[in-house]
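Visitor: Questions regarding the structure given below will be posed in turn.
Readers should treat all values here as calculations from the given coordinates under stated rules, not as data from a laboratory. In this text the structure is predicted, and so the values were computed from the model without any measurement. Reconstructed Cβ throughout: ideal geometry from the backbone, glycine too, with neighbour counts over all protein chains shown.
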Amino acid sequence: MIANPINITQPRHSRVPTFGSILLLIIYLLASSCAYADTDPGLDFDSGKAVYRFYCYQCHAYSGNARTLSSTYLDPKPRDFTAVTEETLPVEQMLAAVRNGRPGTAMVRFSSVLSEAEIQSVVEYIRDSLLGNPDAGEKYHSPENGWDNHEKYRDAFAFVDGSITLHTPWEDLTPSQQAGKRLYESACVSCHDQPFSAGGDAIWETRAVSFPRDHFSHRSPPLDIVSGASPYARHDIPTVPDDMSGLVARGLDLYQSNCAFCHAPDGTGKNWIGSFLEPRPRDFTAETFALGKTPVVLREIIKSGLPKTSMPAWRHVLTDTEIDAIVAYINIAFQAEQDFYDNL
C-alpha cells in the first residue's frame, strides 16, 4: 500500500466526491507548501531528503512515483520520477522547475520558501535516490513514520484496494471484514479514497483537517497531535475563559458557530481557512487588537462588515444581543482587559 498522508476528510456516509470538495483538495495541495513557509519561517533543512519529505511528497509520493491522492485529481499529473532518467530529465530543467514552478501545472515555485542551497539539495536527492528507480522503497507506512506494524491493519486492506466495496451488505461481511470497514471509514479513507478504493463511495467533506508531517504518527498521544501534526491543528482548539458568565458562555457558542471558520477557534486566524484569506482575518489575540476597538466599534464591525475584506455583515444573521455576547467573549477569551469588558 502506498499512501499519501493527507488527512482531508472524515467519512459520514457513502456517496461520490462533490466538485466543490475536489476543488478544495486541489487548492489545498497547491497552497500547502507556501502555507508551511508562512507558518514556520525558521525551518532549517539539513538534507535534500528532508526538503523532499516536507514539501514534495504530497504530489510526488515518498517513493517518487506520484501515486498519491492528489494525482487522481490533477491534470497534468505530477511527475513520476521513477519513470524518467538523468538523461531524459536534465538537472537544469529540474532546478528551474523547483525555483520557478511550471505554468499550467500544479507545480508552484519554491524560490520564495527555499534557499538556493536547499533547492539544489532536493534536486540532488531526487536524482540520486528516486530518478529512474522504481524500487526506491520510500514508503509512508514505515516504522520511521510511526507505523511499527502496518500489517495489524490488514482487515482494512480489502477496502483500500477495492476488492470489497463499501456498499457490500453488512451481513455479508465476516467479523474481521466488519472491523476492517470501520477502520477504513474512520482512518484509511483519508488517504486511500481513490477511484479504485472501496468503489469510490466514501463522502468527502469540504473541511480540511491536519495532515501528518514526516515522522509523525496519528496514533500518538493527543498532545503530540496538537503540537506536531500541522501548523493548523493547534489553532483548532477553542479558547474557554475562566469567566464563563451567561453572556460570555453564549458568546463562546456563537463565536465557534459563526466566527471560528475564519478567525480560528483560538482567535488567531491561523487555522487552515484563515491562512489563505487576503487580507488575513483579525488576530484577536494580538496585543494591538484592542487599541481603539471599543465595544461600540467592534459591534459595528460585526454588524456591518469590513469593505475589501472577507468580513461580511452579520446584522441580518445575528441579533444585537448575540453580537454583544460575541464581543464579550472575544474580550474575555482573547484580551481579558477588564476595563474594556466593564463598558459592555
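Visitor: Spelling out what I want: for every residue of region 58-64, take phi, set θ = phi - 60°, compute 6.51 cos²θ - 1.76 cosθ + 1.60 (Karplus), and round to whole Hz; glycine and proline get x.
Guide: Rounded to whole hertz, the list is 4, 9, 9, 6, 4, 8, x.
Visitor: Please state the charge dipole magnitude for region 235-342, taken about the Cα centre, from unit charges on C-beta atoms (+1 on K and R, -1 on D and E), reported in debye and rounded to the nearest 20. Write out the running numbers ahead of the final one.
Guide: Values: 9 positive and 15 negative charges, 106 e Å.
I would put it at about 520 debye.
Visitor: Could you list Met244, Met311 in order of exposure, starting from the residue whose Cβ has the fewest other Cβ atoms within 10 Å? Don't skip to the answer; put the middle values down first.
Guide: Working: Met244 15, Met311 19.
Lowest to highest Cβ neighbour count: Met244, Met311.
Visitor: Which shape class, rounded, prolate or oblate, goes with region 71-120 when its Cα gyration tensor gives a ≥ b ≥ c as root eigenvalues, a/c under 1.5 marks rounded, and past that a/b bigger than b/c marks prolate? It would help to have the intermediate numbers written out before the result.
Guide: On the way: a/c = 2.20, a/b = 1.18, b/c = 1.87.
It comes out oblate by the Cα gyration axes.
Visitor: Non-local amide H neighbours of Ala66 (under 5 Å, H modeled in plane, Pro and chain starts lacking H): which ones?
Guide: Amide H neighbours of Ala66: Ala61, Phe81.
Visitor: Taking amide H positions as placed in the peptide plane 1.01 Å from N, state which residues far from Trp314 in sequence (5 or more) or on other chains have amide H under 5 Å from it.
Guide: Lys303, Ser304, Gly305
Visitor: Let me ask something else about it. Shape of region 229-330 from its Cα gyration tensor (a ≥ b ≥ c, root eigenvalues): rounded if a/c is under 1.5, otherwise prolate when a/b > b/c, or oblate? Spell out each step's value before the answer.
Guide: On the way: a/c = 1.58, a/b = 1.16, b/c = 1.37.
Since a/c reaches 1.5 but b/c is at least a/b, the shape of region 229-330 is classed as oblate.
Visitor: Hey, another quick one. In the structure shown, do any of Lys270/Lys303; Lys77/Lys181; Lys139/Lys270; Lys152/Lys181; Lys49/Lys270 have a Cα-Cα gap over 26 Å, and if so which?
Guide: Working: Lys270/Lys303 23 Å; Lys77/Lys181 30 Å; Lys139/Lys270 31 Å; Lys152/Lys181 14 Å; Lys49/Lys270 28 Å.
With Cα atoms farther than 26 Å apart: Lys77/Lys181; Lys139/Lys270; Lys49/Lys270.
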